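The block underneath contains the structure these notes are about, expressed in structure tokens.
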Amino acid sequence: MRHTLASGETRQVFEGIGAVGTAAFYVLSIVTVAAFLIGSWRRTQKYRRGRPAGRGGTIRRALLVSPLALRRRPDTGSVAQVATNATIGRRNRGVGIAHFMVFWGFITLFIGTVILTIDFDIVRHVSKWFWGHEDSFFTGTFYLGYSVVLDTMGVATVLGLTYLALRRGVRPPARLDYSRAEQPAGGYSRKALVLGDWMFIGLFAGILITGFLGEAVRIVANKFPEFEIWSPAGWLLARGFEAVGLSAGAAATTHTVVWWSHAFLALGFVIYIPYSKAMHMLVDGVNLLAHDKNATRALPAPPADADHIGYRELADFTWKELLDFDACTKCGRCHEVCPARTGGAPLSPRDLILDLRQWADLQTGGKTLLDREQRPDATGPLQNGQAAVAGTVIPAKTLWSCTTCMACVEACPVGIEHVPTIVQMRRSLVDAGTMDPTLQQALQNLASQGNSFGKSARMRARWTKGLETPIKDARKEPVKYLWFVGDYASFDERLQDNSRLLATLLTKAGVDFGILYEGERNAGNDVRRVGEEGLFEMLAEQNIKSLEAAQFEEIFTTDPHSLNTLRNEYPALGATYKVWHYTELLVHLVESGALPVKPLNLRVTYHDPCYLSRYNGVIEAPRTLLAALGCELVEMPRNKTNSFCCGAGGGRIWMDDSVLSERPSENRIKEAAALEDVGHFVVSCPKDMTMYSDAAKTTGHDGTLTVLDIVRLVDQALVRPPAEPATDDVAVPV
Ligand code: SF4
Ligand code: SF4
């Protein structure tokens, strides 16, 4: 079996290994491939147990339609995204570059091994059978090119891996700490997770190090053939060995030891992949290609054929969700940005995914080496058998802590979609009646009156009383714009001034608009995210009926939550509209001169509502508007799609927040208060107005930071005829 090529620029494959060693290597390789295939097959069987995810079109588009598309914040995955590791580098360039080097280094080294196998095990045999002499393409120019490419990529891999290892080992960021928020210290152990991380890095590094060492001692043993300079790293290392006195004979003996070490590490790593964290190497690319943010914007309706509501058991999850669990690399980016976790709530999106992974593995008999949490008793992710996933494996308090802000989905570099999974489990809790009494009350109000305030539906348009120009009823006369006002802007007395102000400005600008009066209901966005699907459908149907009775061209809304569901979820119910946010309308009116303004010369900061910026990409309109008003915008560190949630979303505004040590809104106000010379905290969502006005008071910043709706600034900047008194003062926040 041992082959030697007579001469030329090449190297022997099993140099110094001998016939028995070569045979043993082949046996070990067959065992390795078998173990890898069994592990991968078991994983695949797990995914096959999931329900259809409806991602065929997403994957096809990612593969075929937009393989080269690499937009800044794409909604769906693409081949380019996977190939460039763009999602990893998006919020951490250093890690992105290091991972890119490791990623492509690994692929190149793998391809190099495949090429060598093709030459050694196929071409040489086939040529011998057909032509009677052994032929090889692994010589001459090809070999030299092969050597320099693999050496270079090997060095890049070592550098990338070194960076990642140092970062993790020397000064690890807080997000890589695996301690849990909701478990007492000592109630669990995650040492195996840490060990799993280091095992992965160690095996990989070991393969690279022994690879270079083997190359270097081979060069020394062969007395520095000139062409081996095309393996520059190995050559330099060999010169180093020579300098410390390694003889050719000693190098030949060392080569055998190093060769076997390399072989064992490489084969061991291949076996390790499907049973460990290294599995992410196989599934993350697929998970990204199947990723679609629209699945979070527009939540899936419960499957028509399900015999229960929400997720209770493994069979309820889709294959994409099961793939999500294995795709998690424990990078902690979601954990870091989660407002619930930051505020001390018992929720970490990372731990939620890891718990579901461990539970799913337990259910399916999956074997994960390391990377498993240990507990003294069978609780949480260690539950098996009949335990319902929602409420037992994942505690109810964890599921209710989520604000559905989507920060986790946005931050995750491998396309994991936490929010739909959380909502599916909430549906199960709602079905079982496991919820906060205050939430229950809000849902009852919504069911009986169509608003969470519990006020009579007939009072919805009370806020319009006293307006100089009455607002048209779009059900009675045609209008260009239908203003979907939303619950908070309609019923909260602290916010009604802002609603009246907006109505006055629109009238002044000559905008043809109307409202639905008592025909409007809560749009249902947060009701759906609470998990009350039946109530969502009822509210949506009532709104659609009212909208069908009205005559309008386009909708604008004051409420980003309503915008999301009207724009993204109503189409599945047969109602498709063009929906704008009021800041988009205002910027148009200011820029067109319909609302003439003078510069305010204020230094302000602006808070991006999650449902506006992250969910719906409305980022520039409020900024352009502020610039048009002559405001100097000082950005908070967390801005645009990286905005920090106020804590109200996903129905949290209706729930008890005593689990929090610090409200997300308070955290946010402190972030704004730390900005230099900024006295105005500008919002563009009625719920934000409520949340941040309260937070400014509770944090003691209400004297220095004025929370105000952007409409107040427009009013303040408006150029009025000399006799006309100002509608209001900019310092009045509510
Ligand atoms: S949606 Fe927001 S609150 Fe919920 S888990 Fe993700 S980051 Fe945390
Ligand atoms: S879910 Fe995504 S962001 Fe969170 S730890 Fe896992 S890979 Fe990282």
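The values are calculated or read from the model by the stated rules, or taken from the named source; none is laboratory data. As the structure is a prediction and not an experimental result, all values here were calculated from the model. All Cβ positions, glycine included, derive from the backbone under ideal geometry; neighbour counts span all protein chains shown.
Some observations on this one:
Quick grid of which residues meet (1) assigned to a helix (DSSP H, G or I); (2) outside the structural domain of residue 415 (by TED's automatic domain parsing); (3) not small (Gly, Ala, Ser):
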residue: 112; (1), (2), (3): yes, yes, no
residue: 115; (1), (2), (3): yes, yes, yes
residue: 118; (1), (2), (3): yes, yes, yes
residue: 135; (1), (2), (3): no, yes, yes
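- With respect to the conditions (1) in a loop (DSSP other than H, G, I, E, B); (2) modelled with pLDDT of 95 or more, residue 590 falls short on a single one, namely (1).
- Subset of region 312-336 [in a helix (DSSP H, G or I) and closer than 26 Å to residue 645 by Cβ]: 320, 321, 324, 325, 327, 333, 334, 335, 336
- All conditions in (1) within 15 Å of ligand 2 (Cβ to nearest atom); (2) over 21 Å from residue 645 (Cβ atoms); (3) not basic (Lys, Arg) hold for residue 388, with the sole exception of (1).
- Boolean, residue 374 is in the same structural domain as residue 347 (by TED's automatic domain parsing), within 19 Å of residue 326 (Cα to Cα), away from ligand 1 (no atom under 16 Å from the Cβ) and not charged (D, E, K, R): yes
- Inter-residue pairs, beta-carbon under 9 Å, first touching a residue at least 40 places away in the same chain (Cβ under 8 Å) and on the phi > 0 side of the Ramachandran plot and in region 400-419, second in a helix (DSSP H, G or I) and within 10 Å of ligand 2 (Cβ to nearest atom), 6+ apart: 406/418; 415/87; 415/284; 415/287; 415/324; 415/327; 415/409
- For region 192-208, the condition of being over 31 Å from the mean Cα position of the chain (by Cα) and small (Gly, Ala, Ser) holds for at least one residue.
- Listed by position, the helices (runs of 4 or more DSSP H) contained in region 344-414 that have at least 1 residues being over 23 Å from residue 46 (Cα atoms) are 396-400, 407-411.
- Within region 344-374, the residues that satisfy the criterion of being farther than 20 Å from residue 176 by Cα and either more than 16 Å from ligand 2 (Cβ to nearest atom) or among the basic types (Lys, Arg) (or both) are 362, 363, 364, 365, 366, 367.
- Exactly one residue among 257, 220 is β-branched (Val, Ile, Thr), free of Cβ contacts under 8 Å to residues at least 24 places away in the same chain and either within 30 Å of residue 355 (Cβ to Cβ) or out of contact with any strand residue (DSSP E or B) (no Cβ under 6 Å at 6 or more places or on another chain) (or both), and that residue is 257.
- Members of region 318-343 found to be away from ligand 2 (no atom under 16 Å from the Cβ) and more than 18 Å from residue 650 (Cβ to Cβ), listed by number: 318, 319
- Residue count for region 218-256, restricted to those that are under 24 Å from residue 138 (Cα atoms) and out of contact with any helix residue (DSSP H, G or I) (no Cβ under 9 Å at 6 or more places or on another chain): 1.
- Picking from residues in region 210-244 that are of a type in the set (Val, Ile, Thr) and surrounded by fewer than 18 Cβ atoms within 10 Å (Cβ to Cβ), the one that is nearest to the chain's Cα centre (by Cα) is 229.
- Selection from region 388-403 of residues that are within 11 Å of ligand 1 (Cβ to nearest atom) and among the polar types (S, T, N, Q): 398, 401, 403
- Considering region 303-350, the residues that are basic (Lys, Arg) and within 25 Å of residue 363 (Cα to Cα) include one that is farthest from ligand 1 (Cβ to nearest atom), namely 312.
- Scanning region 177-185 finds one or more residues that are more than 27 Å from the chain's Cα centre (by Cα), of a type outside the set (Val, Ile, Thr) and part of a loop (DSSP other than H, G, I, E, B).
Quick grid of which residues meet (1) in the same structural domain as residue 215 (by TED's automatic domain parsing); (2) closer than 30 Å to residue 280 by Cβ; (3) at pLDDT 90 or above:
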{"residue": "8", "(1), (2), (3)": "no, no, no"}
{"residue": "23", "(1), (2), (3)": "yes, no, yes"}
{"residue": "39", "(1), (2), (3)": "yes, yes, yes"}
{"residue": "42", "(1), (2), (3)": "yes, yes, yes"}
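- Residue in region 627-637 that is part of a helix (DSSP H, G or I), aliphatic (A, V, I, L, M) and under 20 Å from residue 714 (Cβ atoms) present: yes
- Just one of the listed residues (482, 399, 443) is assigned by TED's automatic domain parsing to the domain that holds residue 528 and under 30 Å from the mean Cα position of the chain (by Cα), namely 443.
- Test: residue 302 is of a type outside the set (S, T, N, Q), more than 30 Å from residue 325 (Cβ to Cβ) and surrounded by fewer than 22 Cβ atoms within 10 Å (Cβ to Cβ): no
Residues are listed down the side, and each one gets a yes or a no for (1) touching a Leu at 6+ places or on another chain (Cβ under 6 Å); (2) among the aromatic types (Phe, Trp, Tyr); (3) assigned to a helix (DSSP H, G or I):
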site: 539; (1), (2), (3): no, no, yes
site: 545; (1), (2), (3): no, no, yes
site: 551; (1), (2), (3): no, no, no
site: 555; (1), (2), (3): yes, no, no
site: 569; (1), (2), (3): no, no, yes
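- Unique residue being touching a strand residue (DSSP E or B) at 6+ places or on another chain (Cβ under 9 Å), modelled with pLDDT of 95 or more and either among the hydroxyl-bearing types (Ser, Thr, Tyr) or assigned to a helix (DSSP H, G or I) (or both) when the list is 523, 503: 503
- Qualifying residue in region 309-317 (condition: within 16 Å of ligand 2 (Cβ to nearest atom), of a type in the set (D, E, K, R) and crowded, with 20+ Cβ neighbours inside 10 Å): no
- On inspection, residue 365 does not qualify as surrounded by fewer than 20 Cβ atoms within 10 Å (Cβ to Cβ), more than 15 Å from ligand 1 (Cβ to nearest atom) and without any contact (Cβ under 8 Å) to a residue 12 or more places away in the chain.
- Filter result for residue 142 (in a helix (DSSP H, G or I) and surrounded by 15 or more Cβ atoms within 10 Å (Cβ to Cβ)): yes
- The single condition among (1) assigned to a loop (DSSP other than H, G, I, E, B); (2) without any contact (Cβ under 8 Å) to a residue 40 or more places away in the chain that residue 444 does not meet is (1).
- Members of region 392-420 that are charged (D, E, K, R) and within 14 Å of ligand 2 (Cβ to nearest atom): 410, 417
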